[in-house]
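The values are calculated or read from the model by the stated rules, or taken from the named source; none is laboratory data. Note that the coordinates shown come from a computational prediction; the quantities given were computed from them, not determined experimentally. As a convention, Cβ positions derive from the backbone with ideal geometry for all residues, glycine included, and neighbour counts pool all protein chains shown. Accessible surface is based on the protein model in full, side chains and every heavy atom, while ligands, DNA and RNA are left aside. Shrake-Rupley method; radii C 1.70, N 1.55, O 1.52, S 1.80 Å.
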Amino acid sequence: MDVYGLLGDPVEHSLSPPMHNAGFAELGLDATYVTFSPTDVAAAIDGAQTLGIAGLNVTIPFKETVLDLVVPDDQASRIGAVNTIDLTQEPPTGHNTDIDGVQRAFEHHEVSLAGQRAVVIGAGGAARAVAHALVDAGATIELYNRTVSNAESLAAEVGAHAVGGLDDSTVTAAIGAADILVNATSVGMDSAESPVPPAAIHSELVVMDVVYQPRETRLLQTARQQGAQTIDGAWMLLFQGVSAFERWTGQAAPVDTMNAALRAQL
Ligand code: NAP
């Protein structure tokens, strides 16, 4: 049996095992996916390779540490974080499927990114993946964040066209001229807050939220009510997993099955 796993802390409530295990079962693969919370992540990766574990996902708090423990590919190096390891390579290789996850979430919803004007709210890890994904796909982006200096750093890294804080008038004007809005902050997670003024949302927008719990955040609820197209955070989560699954197995992932298994947990 091929064993895959997730390194992180905490991992008890991870949605990845049911998603990947449903994919393995659908394709009739003799494989399983389990979770690990190692005290020593370097020893864990060595041990996993010795034991013949085929692949690992990596989540908080190890995504950045692991960069120095594997051979990162271009995307992982650029984004400064590894979320997928291929242990069948010697030495193991590190990848970041979050960029692919964002792009495939838009593709799945038939949203073309090339030439679009996007406003991204946030400047943390999720925002970094979103910003790189949008720019790589040919969109122009504006970045707004509570801490302006964090937005400025990310904006310089990806070549954003505008950057600023979260004051209502600036953000409202930017959204008014945008085609795409992405919330890449944690605002809206387990709360009824919106990261931007609800009145800024208009019907011509495509609105993505990286928050997946709740599935319909206040932002997405407002967007739906305004007639905008919405993409919830579970789509990014699904497609980063799909991308890892395909890298490990070399097969097209059963997306519908993995999506159903993921959403059954939310
Ligand atoms: P992070 O690196 O800690 O960044 C957090 C971001 O949220 C920063 O931009 C921070 O602004 C902003 N923020 C936090 N509290 C805020 C508040 N009260 N008001 C305004 N801005 C606030 O976290 P992360 O890893 O990017 O994760 C962010 C969210 O994305 C989480 O909810 C996480 O679950 C979700 N996520 C989803 C996926 C997916 O696949 N769907 C993947 C990764 C993460 P400052 O810079 O001012 O602190």
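A few notes on this one:
- With the largest listed first and rounded to whole Å, the semi-axes of the equivalent ellipsoid of the chain from the Cα gyration tensor are 33, 20, 16.
- With protein chains left intact and a 1.4 Å probe, residues in segment 1-54 average 50 Å² of accessible area per residue.
- Against the empirical curve 2.2 N^0.38 Å, the C-alpha radius of gyration of segment 144-266 lands at a ratio of 1.18.
- Amide hydrogen proximity for N145: with H placed 1.01 Å from N in the peptide plane, the residues at 5 or more positions away or on another chain lying under 5 Å are G122, G164, G165, L166.
- Under the Debye formula (equal points on every Cα, no solvent term), log10 I(q)/I(0) of segment 37-187 at q = 0.19 Å⁻¹: -1.06
- Shown for the chain: the carbon plus sulfur share of the solvent-accessible area, taken with all protein chains present and a 1.4 angstrom probe, equals 47%.
- Dividing the C-alpha radius of gyration of segment 111-211 by 2.2 N^0.38 Å, with N its residue count, gives 0.95.
- Shown is the FRET efficiency for T140 and M189, computed with R0 = 35 Å from the Cβ-Cβ distance and rounded to the nearest 0.05: 0.80.
- Rounded to whole numbers, the Karplus 3J(HN,Hα) couplings from phi for segment 29-38 are 7, 7, 8, 9, 10, 10, 10, 9, 10, x Hz, using 6.51 cos²θ - 1.76 cosθ + 1.60 with θ = phi - 60°, and x at Gly and Pro.
- Label zone (D30, point 7 Å along Cα-to-C-beta; backbone nitrogen cut-off 18 Å) within segment 1-16: 1-4.
- When trypsin sites (Lys or Arg not before Pro) are flagged only if DSSP places them in a loop and at most 15 other Cβ atoms lie within 10 Å, the longest unflagged stretch of the chain comes out as 1-145.
- Bridge type composition, the chain - antiparallel percent by DSSP, nearest 5: 15 percent
- Counting DSSP beta bridges with both ends in segment 72-206, the antiparallel % (nearest 5): 20 percent
- Site pair T65 and Q251 shows an inter-label distance of 3.4 nm when each label is modelled 7 Å from Cα along Cα→Cβ.
- Shape summary of segment 34-124, radius of gyration then Dmax from alpha carbon positions: 15.5, 48 Å.
- For segment 80-155, the Kirkwood hydrodynamic radius from C-alpha pairs, put into Stokes-Einstein at 10 °C and a viscosity of 1.306 mPa s, yields a diffusion coefficient of 118 µm² per second.
- Each other residue within a Cβ distance under 11 Å of R78 adds +1 if Lys or Arg and -1 if Asp or Glu, for a net charge of -3.
- Neighbourhood charge, 14 Å Cβ-Cβ cut-off, centred on W248 and excluding it, Lys, Arg +1 and Asp, Glu -1: -4
- The H on the amide N of T35, modeled in the peptide plane, is under 5 Å from the matching H of L6, each at least 5 residues off or on a different chain.
- The packing ranking of peptides 192-199, 19-26, 37-44, highest mean first, is 19-26, 192-199, 37-44, where packing means the average number of other beta carbon atoms within 10 angstrom of each residue.
- Overall form of segment 24-74 per C-alpha gyration tensor (a/c, 1.5; a/b vs b/c): prolate
- Note on A162 and D73: their simple-model spin labels are 3.5 nm apart, each label 7 Å out from Cα toward Cβ.
- Gyration tensor verdict on segment 203-261 (Cα atoms; rounded if a/c is under 1.5, prolate if a/b is larger than b/c, oblate otherwise): prolate
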